[in-house]
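**Student:** To start, I am sharing the structure in question, which I have written as structure tokens.
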Amino acid sequence: MEASLDVLRTIRLTGGIFLDAEFTAPWCVAAQVAPEDCHPFTPLPKGIIAYHYVSAGRLLLRVGEGAPLEVPAGHLVVLPRNDPHVLGSHLDCPPVSAEGLMQATVESGIARIVHGGSGEATRIWCGFLLSDTTTDPLVAMLPSVMTLDVAQGVAGPWIESSFRLAASEFATGEVRSPVLLSRLAELLFIEAVQCYFAGLPPEQLGWLGGLRNPFVSRGLALMHDLPSRHWTTEALAREVGLSRSAFAERFTELVGAPPMRYLSGLRMQLAARRLRESRDPIALIAEEVGYESEVSFTKAFKRTFGAPPAAWRRGQEGGLAAPSDRHDEESEEC
């Protein structure tokens with residue numbers, strides 16, 4: 001886990017809380033942090049990481065066409081790439097735009113929402129973290145949603161007390177601790193990422209060491225940003241400014257696998273995520289992850305996961321299955 005801490009320290013983040021929302025069941029809203037939500041914290045936000053902290057009650061959250069995720073009180077949900085999402089007491093009714101529900105901001109700059117019926121109450125604090133780039137390779141490698149029980153871990157008591165302070169300031173309409181809220185948001189993100197890393201098998205953590213090297217990090221970012229491109233080791237080396245042999249050697253040493261083998265595994269992980277979180281046709285997913293035909297994609301997927309994409313999708317009831325050590329033929333290039 002030391003590698004993950006090293007990488008997290010290289011990301012410059014700023015942020016805070018922009019919305020204090022009170023919902024009562026039944027309610028359902030569509031949300032996404034917009035650049036204007038970050039004003040006056042920053043004039044031109046680039047990368048936006050969104051998060052919601054449930055201080056009371058519970059909610060369901062869904063990104064895209066994925067399965068709903070239940071988030072109880074005391075838990076934080078982080079959306080590393082600020083994907084559009086729906087949240088509510090129930091998700092089986094048409095969502096209302098959260099933007100249209102925001103009330104005029106108070107002097108503190110915190111917007112307010114009070115919305116819903118007469119049922120169970122849920123209170124949420126919505127915030128953001130801003131990075132100075134839109135293509136950070138670490139963020140690109142994280143799942144679309146991460147959750148964190150803030151009461152767990154050594155930082156739990158401090159986080160909970162900080163949120164209590166924020167709650168008292170919200171109640172008076174005076175947020176006197178913007179620096180504290182920014183640091184709290186950064187800590188929560190780091191805690192969530194560390195928790196996610198802790199749950200990964202060792203073979204999926206090799207890329208962390210690669211992020212320390214500027215050439216390998218750039219290569220990783222290219223593969224994660226554009227997985228469908230017809231990459232070769234030579235093309236990647238040219239993009240990062242190294243010879244093919246030098247890039248391949250550094251990449252293999254730091255990541256633990258040759259570039260094309262890593263790319264093959266990445267495509268399979270992306271495909272598995274898309275199969276689990278959406279109902280998109282398999283042919284479309286194959287194209288999105290870099291395969292020219294559904295047939296070749298199906299063969300590669302079956303070699304990796306032990307079942308064809310359609311059967312694998314039907315069998316998924318929970319977490320993402322880990323790929324085996326088998327790879328398709330493109331992985332033999334180094």
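What follows is calculated from the coordinates using simple rules that are stated; it is not laboratory data. Note that the coordinates shown come from a computational prediction; the quantities given were computed from them, not determined experimentally. Note that each Cβ is placed from the backbone with ideal geometry, even for glycine, and that neighbours are counted across all protein chains shown.
**Student:** Using r as the Cβ-Cβ distance of Thr147 and Met102, and R0 as 41 Å, what FRET efficiency do you calculate, to the nearest 0.05?
**Tutor:** 0.95
**Student:** With a cut-off of at most 15 other beta carbons within 10 Å, and DSSP calling the residue loop, which trypsin sites (Lys or Arg not before Pro) in the range 206-314 qualify? Please list them.
**Tutor:** Arg212, Arg229, Arg279
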